[in-house]
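Everything on this sheet refers to the single structure shown next.
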Amino acid sequence: MLTLYVFGSAFGLADPSPFVTKALVLLKMAGLAYKTAPADFKKAPKGKFPVLDDDGQLVPDSTLIRFNLEKKYGVDFDKGASAEAVAAAWAFEKLCEDHFYWFAVHDRWMIDENFNRGPAKFFEKAPALIRGIIIAMVRRKVRRNLFGQGSGRYTPEERLAIAARGLKALADYLGSRDFLGGDAPCGSDASVYATVSGMLTTHFTSAISDEARKYPSLAAYAARMQARYFPDLK
Ligand SMILES: N[C@@H](CCC(=O)N[C@@H](CS)C(=O)NCC(=O)O)C(=O)O
């Protein structure tokens, strides 16, 4: 039995976490039966989500979940795609996960308006009396992480200029193909779709999201992936 621990659909997205969304898409691509359960930090070996419970074995990390599905179930996520497309797709996947992701964290957690519309909701179950303290502590931790990773050291203008270059690269690449894999999605489409949809959601406002919205190829790509994997998502 496969159970994926998730945060749950929110903000017009399959999941607020692009890594959880990626794992959901990978499970759908694999065509395996699975269920979802609410994220439970006691079940998170690395303290992060997604986590897949595969018959009692806890597999943390979206990429390790992919490797597990490949190894244990013989899934070939890149079937039919050229080696060149798969190579470029992998590079774009990691551009999304190790680069764009942090800009999104910044924009959702550090811009008050976005925080109040988004991540603040995660704390609604905390006791009202100490909610403000918990929120301040967690936001401080996120700010420290952003500084350590480096994204938090840029000015807004610098962050936008760097993000814009990456968005142009991705939009140009997707301008001439339906999916990173070519005519059909490959494994990395799970991750890139998760990131692009997170940038395009109108739930949040930021200069980087505005930049992403300038590219019709990104919107068309996200719509194609959503129609395939989350047709019921509004
Ligand atoms: N490399 C991990 C990253 C997962 C990750 O950063 N998950 C975030 C949500 S987007 C998380 O669970 N954060 C909880 C925390 O840091 O306390 C993966 O690919 O799954």
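General remarks:
- One decimal place: the segment Lys28-Met1 gains 8.2 nm when fully extended, by the rule 0.36 nm per residue minus the C-alpha distance.
- Likely footprinting exposure, Arg66, Arg139, fewest C-beta neighbours within 10 Å first: Arg139, Arg66
- GNM top mover of Ser82, Ser217, Ser62 - the chain, alpha-carbon springs below 10 Å: Ser82
- The calculated 222 nm mean residue ellipticity attributable to helices in the chain amounts to -17500 deg cm²/dmol, summing -39500 (n - 2.57) over DSSP H runs of n ≥ 4 and dividing by all residues.
- Spin-label pair Ile134/Thr63, simplified geometry with 7 Å Cα→Cβ offset, distance in nm: 3.2 nm
- Coupling constants for segment 64-74 follow from the phi torsions by the Karplus curve (6.51 cos²θ - 1.76 cosθ + 1.60, θ = phi - 60°), and in residue order they are 5, 5, 4, 4, 5, 5, 5, 6, 7, 10, x Hz; glycine and proline get x.
- The smallest convex shape that holds all Cα atoms of segment 53-195, its convex hull, gives 150 Å³ per residue.
- Backbone N atoms of segment 110-144 closer than 18 Å to the 7 Å Cα→Cβ label point of Ala44 belong to residues 110, 118-127, 134-144.
- Residue order for Met225, Met1, fewest other beta carbons within 10 angstrom first, comes to Met1, Met225.
- A simple rule links phi to the HN-Hα coupling: the Karplus curve 6.51 cos²θ - 1.76 cosθ + 1.60 with θ = phi - 60°, which for segment 17-28 gives 8, x, 6, 5, 4, 4, 5, 4, 5, 4, 5, 5 Hz, with x for Gly and Pro.
- Sequence ranges 123-134, 194-205, ranked by mean other-Cβ count within 10 angstrom, highest first: 194-205, 123-134
- In this structure, the amide hydrogen of Ala37, modeled 1.01 Å from its nitrogen in the peptide plane, lies closer than 5 angstrom to those of Leu4, Tyr5, Val6, counting only residues at least 5 positions away or on a different chain.
- Relative to one another, the C-alpha centroids of segment 1-51 and segment 69-114 are positioned 15 Å apart.
- Antiparallel DSSP beta bridges within segment 2-73, as percent of all bridges there, nearest 5: 70 percent
- Between Ala10 and Asp15, the built amide H atoms are under 5 Å apart, and every one of these is 5 or more places off in sequence or on another chain.
- Per-residue Cβ neighbour rank within 10 angstrom, fewest leading, Ile208, Ile162: Ile162, Ile208
- Close amide H partners of Leu180, meaning residues 5 or more places away or on another chain with modelled amide H under 5 Å apart, are Cys186.
- Simple spin-label estimate for Glu157 and Arg177 gives 3.7 nm between the two label positions (7 Å along the Cα-to-Cβ direction from each Cα).
- Amide N proximity, segment 104-145 versus Thr205 label position 7 Å along Cα-to-Cβ, cut-off under 19 Å: 104-121
- The chain: antiparallel DSSP beta bridges as a percent of all, rounded to 5: 70 percent
Quick note: the coordinates plus some simple rules give every number you see, no bench work behind them. Everything numeric here is computed off the predicted structure, so don't read it as measured data. Cβ atoms come from the backbone with ideal geometry, glycine included; neighbour counts cover every protein chain shown.
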